[in-house]
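Here's the structure, in structure tokens; my notes come after.
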Amino acid sequence: MVPLRDGGLEPALTWAHYKRVADVPDSDGRDFGTVADRVVGELWDFFRVEPEWSDRAVRRAYNACPKLITDMHYEANVQAVRTYHAKKLRKKVEKKEARTIWLTEEQYMQVILWWCATHWDCWEYFVKRWCDPEWQKTHEACRQRRLKMPALEQIC
């Protein structure tokens, strides 16, 4: 959740939000300055790069993050659908099929994803958005447009 100037909060929907929020020290005492810097900084906890490629790798990571944040919210919906079907209906649903299924608000609220579990207000925001008929209409129009792109046919 990102604090707004008026004192309210909204979900971190864009990379700009991540760049705007100050970081807090973790259990190791590391403070990266902003949440965006933490995302990229923690990447190197899992991956290594040769020193001569370090600057280029960091630039690539920062350049990739705006799209990854957008994709994360899209994939959250897909994962919620798959989790609901697996846990509640005992049925496996592949990603391709899950992309075309909409749950009800009540169903989404039963399968809050782990990374949002401590932020119910954020999860509720996503659920209301996914269940909004106008948002679904726009989402489907964009999906149909993507399906017309030859390189993306298999993944949509």
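Being charged (D, E, K, R) and touching a strand residue (DSSP E or B) at 6+ places or on another chain (Cβ under 8 Å) is the requirement here; does Asp23 meet it?
yes
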**Request:** Give Arg30, Arg38 a once-over and let me know the one that is surrounded by 11 or more Cβ atoms within 10 Å (Cβ to Cβ), part of a loop (DSSP other than H, G, I, E, B) and of a type in the set (Lys, Arg).
**Result:** Arg30
**Message:** Among the residues of the range 140-155, are any modelled with pLDDT of 95 or more, part of a helix (DSSP H, G or I) and surrounded by fewer than 16 Cβ atoms within 10 Å (Cβ to Cβ)?
**Reply:** no
**Message:** So Ala86 ticks every box in (1) in contact with a Lys or Arg (Cβ under 8 Å, 6 or more places away or on another chain); (2) of a type in the set (A, V, I, L, M, F, W, C); (3) part of a loop (DSSP other than H, G, I, E, B) but one. Which box is left unticked?
**Reply:** (3)
**Asked** Can you name the residue in the range 86-123 that is in contact with a Leu (Cβ under 9 Å, 6 or more places away or on another chain) and crowded, with 17+ Cβ neighbours inside 10 Å and is also nearest to Thr14 (Cα to Cα) among such residues?
**Response** Cys122
**Prompt:** Taking only pairs six or more apart or across chains, which ones have beta-carbon atoms under 7 Å, a first residue in the range 24-43 that is of a type in the set (Phe, Trp, Tyr), and a second residue that is surrounded by 15 or more Cβ atoms within 10 Å (Cβ to Cβ) and assigned to a helix (DSSP H, G or I)?
**Reply:** Phe32/Arg38; Phe32/Gly41
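The values are calculated or read from the model by the stated rules, or taken from the named source; none is laboratory data. The shown structure was predicted, so the numbers you read here are calculated from the model rather than taken from an experiment. Heads up, the Cβs are rebuilt from the backbone with ideal geometry, glycines too, and the neighbour counts pull from every protein chain shown.
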